[in-house]
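Reviewing the structure listed below.
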Amino acid sequence: MVNKVMLSPSILNVDRLKVHSYLTEINDYISYIHIDVMDGRFVRNKTDGIDMYKETKRIEKKPLDVHLMVVDPLCEIDNYKDAGIITFHLETVLNTTDMKINTMEFERIIKKIKSYGAKVGVAIKPRTTVSLLINVLKDIDVILVMTVEPGYGGQQLITSTIDKISSLRKMGYKGIIEADGGINKYNSSELINKGANLLVAGTALFDSYDIRQSAKDILGIE
Ligand code: DX5
Ligand code: ZN
C-alpha cells in the first residue's frame with residue numbers, strides 16, 4: 001500500500017544517547033527528522049539547534065526538517081544548508097503596523113532557503129490566520145500548521161487549529177501541509193482527513209512503550 005502521509009519525528013526531548021537507536025527502529029516509517037530550533041526570543045525556550053542539527057546530520061541518513069522558531073530566520077539559515085526542509089515563522093515577517101507580509105523580507109528568506117536546495121516551509125502559530133498566506137501559496141513548498149503554541153514538546157493539541165488544514169486545501173494549496181504539536185494516534189486521522197500529509201510527533205512516539213507500533217498507529221497503517 002502506498003502511504004502518502006509522512007512522519008517527521010521531533011527529537012527535541014529525546015535522550016541524545018538513545019536517539020539513533022530509536023530512529024533506527026522507526027526507519028521504515030519516517031520521511032524526515034524534525035529539528036526544533038528555538039532562540040529564547042521568538043519562544044521562551046532555547047535549544048542548541050545547530051549542534052542538534054550537525055549531530056543528526058552526521059549520523060542519520062533521512063533528510064532533516066528544520067523548524068526555525070527564531071525572530072531572525074535570515075541570519076540562521078546558513079547554519080542549516082543541507083536540510084531537506086527549512087521552515088520559518090510567518091509571524092517574523094509580518095509588519096507590526098498593518099499585520100501584512102513584509103514582501104521584501106519574505107522573498108529574501110525564501111530566496112536564501114531555495115539557494116541551498118531545501119524545500120521552503122512557512123509555519124503559522126495557532127492564532128495566526130491562514131488567509132494571510134493567500135497570495136504566497138505558490139511560493140511555499142510546506143505550510144507548517146502549529147497545533148500547539150510553539151516552545152515546548154509534550155503539550156496537548158489545540159483542536160481549533162485543525163480546521164486551518166482544510167481551509168488551506170480549500171484555498172487551493174497543493175503543497176505539503178505539516179502539522180506539529182500534540183499529535184498522537186487518537187488525533188492523527190482527523191488531521192490526515194483534513195489534508196495534512198506530514199505529521200510531526202515527539203512525545204507520542206518517544207514516550208511510548210513500542211515506538212514502532214506508535215509510528216504505525218499515527219500514520220494509520222497496519
Ligand atoms: C513545539 C515543537 C514541536 C514539538 C513536538 O514547539 O515545534 O515540534 O517538539 O512535540 P510533541 O509531539 O511532544 O508535541
Ligand atoms: Zn516543531
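If the only charges are +1 at each Lys and Arg Cβ and -1 at each Asp and Glu Cβ, what is the size of the charge dipole of the chain around the Cα centre, to the nearest 20 debye?
500
Using only Cα atoms, locate the centre of the stretch 7-71 and the centre of the stretch 144-206, then give the distance between them in Å, rounded to an integer.
Value for the Cα centre distance between the two parts: 18 Å.
Please list, in chain and number order, the residues 5+ apart from Ile33 or on another chain whose amide H is under 5 Å from its amide H, with Hs placed from the backbone.
Here the answer is Leu64, Asp65, since their amide H atoms fall under 5 Å of that of Ile33.
Show the residues, 5+ positions off or on another chain, whose built amide H is closer than 5 Å to the amide H of Ile183.
The answer is Gly202.
Note down the relative contact order for the chain as a percent, whole number, built from C-alpha pairs under 8 angstrom at least six residues apart.
Over the chain, the number comes to 20 percent.
Using the Kirkwood radius over C-alpha pairs as Rh, can you work out the diffusion coefficient of the stretch 82-181 via Stokes-Einstein at 4 °C, viscosity 1.567 mPa s, in µm² per second?
93
Can you list the HN-Hα couplings for the stretch 206-218, worked out from phi with the Karplus curve (6.51, -1.76, 1.60; θ = phi - 60°), rounded to whole Hz and with x for Gly and Pro?
The phi angles translate into 7, 9, 8, 6, 10, 4, 4, 5, 5, 4, 5, 4, 5 Hz.
Please enumerate, by chain and number, the lysines with C-alpha under 23 Å from the C-alpha of Lys18, excluding those fewer than 8 residues away in the same chain.
Within reach: Lys46, Lys54, Lys57, Lys61, Lys62, Lys185, Lys216.
Roughly how big is the stretch 123-222's charge dipole about its Cα centre, with Cβ charges of +1 (Lys, Arg) and -1 (Asp, Glu), in debye to the nearest 20?
Roughly 360 debye, rounded to the nearest 20.
What list of ³J(HN,Hα) values in whole Hz, one per residue of the stretch 11-20 in order, does the Karplus curve 6.51 cos²θ - 1.76 cosθ + 1.60 (θ = phi - 60°) give from phi, with Gly and Pro shown as x?
Result, rounded to whole Hz: 9, 3, 9, 8, 3, 4, 6, 9, 4, 5.
So how much accessible area does Ser21 have, in Å² to the nearest 10, using a 1.4 Å probe?
Result for Ser21: roughly 70 Å² accessible.
Could you give the size of the charge dipole of the stretch 55-122 about its Cα centre, using +1 on the Cβ of each K and R and -1 on the Cβ of each D and E, expressed in debye and rounded to the nearest 20?
Using only the charged Cβ atoms, the result is roughly 380 debye.
Quick query: amide H of His89 versus all other amide H atoms, modeled in the peptide plane; which residues come in under 5 Å with a sequence gap of 5 or more or a different chain?
Long-range HN contacts for His89: Val70, Ala123.
Normalised by the residues of the stretch 92-222, what does the relative contact order come to in percent, with Cα pairs under 8 Å and at least six apart?
18
Quick check on the chain: what does the Kirkwood estimate of hydrodynamic radius come out to from the alpha carbon pairs, in Å?
About 17.3 Å for the chain.
With only alpha-carbon atoms counted, please give the Rg and Dmax of the stretch 12-120, in Å.
For the stretch 12-120, the Cα radius of gyration and maximum Cα-Cα distance read 14.9, 49 Å.
Relative to a virtual label point 7 Å from the Cα of Gln155 in the Cα→beta-carbon direction, which members of the stretch 201-222 show backbone nitrogen distances below 16 Å?
Answer for this model: 201-204.
Of Asn79, Thr97, Val142, which is farthest along the charge dipole of the stretch 1-151 in the positive direction, counting Lys and Arg as +1 and Asp and Glu as -1 at C-beta?
The residue sitting farthest along the positive end of the dipole is Val142.
Exactly which trypsin sites (Lys or Arg not before Pro) in the stretch 54-155 are in a DSSP loop and have at most 16 other Cβ atoms within 10 Å?
Passing sites in the stretch 54-155 are Lys61, Lys81, Lys100, Arg127.
Where in the chain lies the longest segment free of chymotrypsin sites (Phe, Trp or Tyr not before Pro) that are both loop residues by DSSP (not H, G, I, E, B) and have at most 13 other Cβ atoms within 10 Å?
It works out to 1-115.
Would you kindly derive the ³J(HN,Hα) couplings of the stretch 103-112 from the backbone phi angles with the Karplus curve 6.51 cos²θ - 1.76 cosθ + 1.60 (θ = phi - 60°), listing them in order in whole Hz, with x for Gly and Pro?
4, 5, 5, 4, 5, 5, 5, 4, 4, 5
Calculate, in nm to one decimal, what Arg169 and Tyr209 gain on full extension: separation in residues at 0.36 nm each, minus their alpha carbon distance.
Gain on stretching Arg169 to Tyr209: 10.9 nm.
The values are calculated or read from the model by the stated rules, or taken from the named source; none is laboratory data. Keep in mind it's a predicted model, so treat the numbers as computed, not measured. Backbone-built Cβ (ideal geometry, glycine too); neighbour counts: all protein chains shown. Areas reflect the complete protein model, heavy atoms only, side chains present, ligands, DNA and RNA absent. Shrake-Rupley method; radii C 1.70, N 1.55, O 1.52, S 1.80 Å.
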